[in-house]
Amino acid sequence: MTDPVRFVDLAAQQARLRPELDRAIAAVLDHGAYVSGPEVEQLESALGASCGADHVVACASGTDALVLALLARGIGPGDLVLVPSFTFAATAEAVALVGATPVFADVDAATCNLDPASVHHVVEALASSGRAPAALVAVDLFGLPADYPALREALAGTGAWILADGAQSFGASTPDGAVGTLAELTATSFFPAKPLGCYGDGGAVFARGADDLDVLRSLRVHGQGSHRYEHVRIGLTGRLDTIQAAVLLQKLTIFGEELDARRSVAARYAAGLADVVTVPQVPAGVESAWAQYTVVVAGDRDALAARLGERGVPTAVYYPIALCDQPAYASFPDPTGSPVARALAGSVLSLPMHPYLTDDQVDLVVSAVADAVERG
Ligand SMILES: *Cc1c(COP(=O)(O)O)cnc(C)c1O
């Protein structure tokens, strides 16, 4: 008998690190600097070293990281910001929260990431009415980095800069470098279920060069100026808790091993499922962080998920509604109509993915999917 297959297994990771976590949390209780304690700066350095980013500003969530990055570059009312129509809501939410207008572009069926051809199409559609995007938020969906060089080309001549939404992809890399260095600014999330997660909410902004650093740090604490009660801009309460930084510092010590384990799971799934469903495509030279292992199924997705559930295989649908069709976002411009995003919303299925899946468990999932597809 194998143990039950979990979709994500945070308990196994905690058991592995429990003594270190207890000590790290106790150290914060002892020194008492619950906010902006020394662990926060230690974490910022460690994160920068692990991905090669010049600067890191830890913050309270992935959504705050996106908002801080947009505010730091002065994005606001009147600005158009391109976003993919297949992503978690926070990508477009951050744009709308700063007062700018999200404009949807469609995604590529093979990678689920922004399709540079669609971005080009949207740029041309805007140009025909005399408009240009101020920025683009590229999402590294399911842990796979977007095609940044091609996106940059699609934006050529617009002056738009790129914010990477790496909420799912910290730890991934491309031939051009690791996530955190692939765009002008990168946002990530440390929500517990992300590849590198804390025990609550957390996030970080990664910057290439020091230009945005002072502004990001000021925005993180109410637009603070030269001292605590001088406020030079409108900011937020965007700090990362010291206890979360202490937890992340411990988890970072095993993060490389965990990424390797995720990659082994993904390779085993691909070998077993390539002839059964459409498995995720990873471009040459790219390493995904495998936040999710998401397949595309041809038949009745929800019936397949139900059959897997009966076999003890938990699944999830990321995302059942394209963002351009969500009630809160449907009124934002969607020049292409996002046909690929809409098709994916009806056909994607995410399988169990975490570093503590055994080969036997992966094989069990593979045979359950194969049986369920055959019966479908
Ligand atoms: C999780 C996620 C976010 C938001 O991160 P939080 O830490 O939950 O605020 C943003 N974008 C994407 C693509 C995400 O998956």
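The values are calculated or read from the model by the stated rules, or taken from the named source; none is laboratory data. Here the structure is a predicted model, which is why all the values come from computation and not from measurement. In this analysis, Cβ positions are derived from the backbone assuming ideal geometry, glycine residues included, and neighbour counts consider all displayed protein chains. All accessible areas refer to the heavy atoms of the entire protein, side chains included, with ligands and DNA or RNA removed. Shrake-Rupley method; radii C 1.70, N 1.55, O 1.52, S 1.80 Å.
Considered as a group, the residues in the range 145-201 that are of a type in the set (Gly, Ala, Ser), in a loop (DSSP other than H, G, I, E, B) and more than 16 Å from the ligand (Cβ to nearest atom) include one that is most open to solvent (accessible area, probe 1.4 Å), and that residue is Gly157. Close contacts from the range 122-142, counting a first residue that is more than 23 Å from Thr111 (Cα to Cα) and a second that is at pLDDT 95 or above and open to solvent by 60 Å² or more (accessible area, probe 1.4 Å), with Cβ to Cβ under 7 Å and a gap of 6+ residues or different chains, come to Ala132/Gly159. Among the residues of the range 313-331, is any open to solvent by less than 30 Å² (accessible area, probe 1.4 Å), touching a strand residue (DSSP E or B) at 6+ places or on another chain (Cβ under 6 Å) and not aliphatic (A, V, I, L, M)? Checked against the condition, which is being open to solvent by less than 30 Å² (accessible area, probe 1.4 Å), touching a strand residue (DSSP E or B) at 6+ places or on another chain (Cβ under 6 Å) and not aliphatic (A, V, I, L, M), the range 313-331 yields at least one hit.
Against the definition (away from the ligand (no atom under 16 Å from the Cβ), within 20 Å of the chain's Cα centre (by Cα) and among the acidic types (Asp, Glu)), how does Glu44 come out, yes or no?
In short, yes.
Does the range 17-51 hold any residues that are assigned to a loop (DSSP other than H, G, I, E, B), more than 18 Å from Leu216 (Cβ to Cβ) and open to solvent by 20 Å² or more (accessible area, probe 1.4 Å), and which are they? Within the range 17-51, Gly32, Ala33, Tyr34 meet the criteria. Within the range 213-246, the residues that satisfy the criterion of being part of a loop (DSSP other than H, G, I, E, B), among the aliphatic types (A, V, I, L, M) and more than 16 Å from the ligand (Cβ to nearest atom) are Val232, Ile234. Entry remark, the range 202-212: residues being assigned to a strand (DSSP E or B) and under 23 Å from Leu10 (Cβ atoms) number 2 in total.
Residues that are of a type in the set (Val, Ile, Thr) and assigned to a strand (DSSP E or B) within the range 70-94 comprise Val81, Val83, listed in sequence order.
So, Leu82, is that one more than 12 Å from the ligand (Cβ to nearest atom), open to solvent by 10 Å² or more (accessible area, probe 1.4 Å) and within 25 Å of Ala343 (Cβ to Cβ) or not? No.
On the stretch given as the range 318-366, residues that are farther than 30 Å from Val95 by Cα and free of Cβ contacts under 8 Å to residues at least 24 places away in the same chain total 0.
Screening Phe104, Phe142 for residues that are open to solvent by less than 10 Å² (accessible area, probe 1.4 Å), among the aromatic types (Phe, Trp, Tyr) and within 16 Å of the ligand (Cβ to nearest atom) leaves exactly one candidate, Phe104. The residue that is nearest to the ligand (Cβ to nearest atom), among those in the range 54-69 that are assigned to a loop (DSSP other than H, G, I, E, B) and under 16 Å from Val40 (Cα atoms), is Ser61.
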